[in-house]
Amino acid sequence: MTSIIKLDTPAYVLRTCLADMRAPSPHAKGFTWPESGHVIAPDFRDDTRCGGGLHGALWGAGDASLFTWSADAKWLVVEVDHYVELDGKVKFREGNVVHCGDKASATGFLHSKSNTAAIIGLTVTGGDGSTLTGGYGSTLTGGYGSTLTGGYGSTLTGGDGSTLTGGYGSTLTGGYGSTLTGGYGSTLTGGYGSTLTGGYGSTLTGGDGSTLTGGYGSTLTGGYGSTLTGGYGSTLTGGYGSTLTGGYGSTLTGGDGSTLVFRFWDDSTGRYRIKCFEVDDTEVVGGRPYRLSSAGVLMPA
């Protein structure tokens, strides 16, 4: 029984080659791709094993580790009317190379054909109210009120009121009133009134009135009236009137009128306790960093 899926309407496959157009895969044995036009595999096999055909990511969605990410890599878009489904990729007997360029041009070309898939390495700029979804390593830029979703290691920049969601290690920058959510190790920068949520080790910077929530080891900086919550060992800095909440070992710095809230483990009671300190000109001075000792005593950091 054949493993080939035949299409009524042609689809597009994204792949990369070395700078000299050779396929990087050891299975390809130095096969050289054309920069345009018809291409055919001399060793095609109608089975679901890797090798024996031409390979790529259907509609740009698949295993990003199979791509060549060097600056001089060639990115190809290939039109196909059949394929065999593999793990994280597809293979096919023949196709037509319709685009050859760098990451930005190839992924932009593919995105113009369909924006339904999370395209690996997608680099695209959308206008106000755009909805952009990119896969691993994408660079998405949207205007006012955009919705951007990027995979691992993506860079997302949205205008005022945008909603941005990035995977592990992403960099997200949103304008006034944006909502940003980043995975582990993300860097998020939000404008006035933004809501930012960062995973472990994130760095979050929010404008006036922002709400920031960072995981363990995060660094959060919020403007006037912000609400900041950091996990164990976080460093939180809030403007005038902010409320800062840090776990054990955190360092909190609040402006005048801010409230510093520390959560710590009390050995004498065998449970967590909360201690709150109002920033004024006496015991707690605005603009100075403080931490809580293991005994629950407020100390300058």
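Using Cβ point charges alone (K and R +1, D and E -1), the dipole size of the stretch 47-90 about the Cα centre works out to roughly 120 debye.
Label positions at Ile5 and Lys113, each projected 7 Å from the Cα along the C-beta direction, are separated by 1.5 nm. Of all beta bridges that DSSP places with both ends in the chain, some 35 percent have antiparallel geometry. Think of it as helices only: each DSSP H run of n ≥ 4 in the chain is worth -39500 (n - 2.57), and spread over all residues that comes to -1000 deg cm²/dmol at 222 nm.
Shown here for the stretch 1-96: GluC sites (Glu not before Pro) in loop regions (DSSP other than H, G, I, E, B) with at most 13 other Cβ atoms within 10 Å, namely Glu35.
Segment Met21..Ala301, full-extension length gain: 95.1 nm, with 0.36 nm per residue of separation and the alpha-carbon distance subtracted. The length gained by stretching the chain between His82 and Arg273 to full extension, at 0.36 nm per residue less their Cα-Cα distance, is 62.5 nm.
Just to confirm my numbers, what's the Cα centroid distance between the stretch 104-177 and the stretch 39-94 in Å? Spelled out, the Cα-based centre of one part sits 24 Å from the other.
Taking the charge dipole of the chain about its Cα centre, with +1 at Lys and Arg Cβ atoms and -1 at Asp and Glu Cβ atoms, the residue from Gly166, Ser65, Leu298 reaching farthest to the positive side is Ser65. The dipole here belongs to the stretch 154-301: it is taken about the Cα centre, uses +1 on the Cβ of Lys and Arg and -1 on the Cβ of Asp and Glu, and is about 420 debye.
Here the gap between Asp266 and Glu283, fully extended at 0.36 nm per residue and compared with their Cα-Cα distance, gives a gain of 3.9 nm. Net charge in the neighbourhood of Gly233 (other residues with Cβ under 15 Å of its Cβ; Lys, Arg +1, Asp, Glu -1) is +2.
Projecting the Cα positions of Ser3, Gly286, Val97 onto the charge dipole of the chain (unit charges on Cβ atoms of Lys, Arg, Asp and Glu, taken about the Cα centre) puts Ser3 furthest along the positive direction. Note on exposure: Trp75, Trp69 ranked by accessible area (1.4 Å probe, complete protein assembly) read Trp69, Trp75, with the most exposed listed first. In summary, the lysines within cross-link reach of Lys6, defined as a Cα separation below 23 angstrom excluding same-chain residues under 8 places away, comprise Lys89, Lys91, Lys113.
Descending by average beta-carbon neighbour count within 10 Å, the peptides 243-256, 37-50 line up as 243-256, 37-50, the highest first. Per residue, the solvent-accessible area of the stretch 45-176 (1.4 Å probe, heavy atoms of protein chains only, all protein chains present) comes to 40 Å². The calculated FRET efficiency for the pair Tyr168 and Tyr232, based on their C-beta separation and a Förster distance of 25 Å, comes to about 0.80. Quick check: the angle from helix 103-113's long axis to the longest principal axis of the chain, C-alpha only, nearest 10 degrees? Once rounded, one gets 80 degrees. The accessible-area ordering, largest first, of the residues Lys91, Lys113, Lys6 stands as Lys6, Lys113, Lys91, per a 1.4 angstrom probe. This model, with +1 at the C-beta of Lys and Arg and -1 at the C-beta of Asp and Glu, gives the chain a dipole about its Cα centre of some 560 debye.
Considering only Gly185, Gly198, Ala118, whose Cα is most displaced toward the positive end of the charge dipole of the stretch 85-228, charges sitting on Cβ of Lys, Arg (+1) and Asp, Glu (-1)? Value: Ala118. Heavy-atom accessible surface of Tyr240, to the nearest 10 Å², is about 130 Å², with a 1.4 Å probe and all protein chains retained.
The values are calculated or read from the model by the stated rules, or taken from the named source; none is laboratory data. Owing to the predicted nature of the structure, the values given are computational and were not obtained by experimental measurement. Counting neighbours? That spans all protein chains shown, and the Cβs are built from the backbone with ideal geometry, glycine included. Accessible surface is based on the protein model in full, side chains and every heavy atom, while ligands, DNA and RNA are left aside. Shrake-Rupley method; radii C 1.70, N 1.55, O 1.52, S 1.80 Å.
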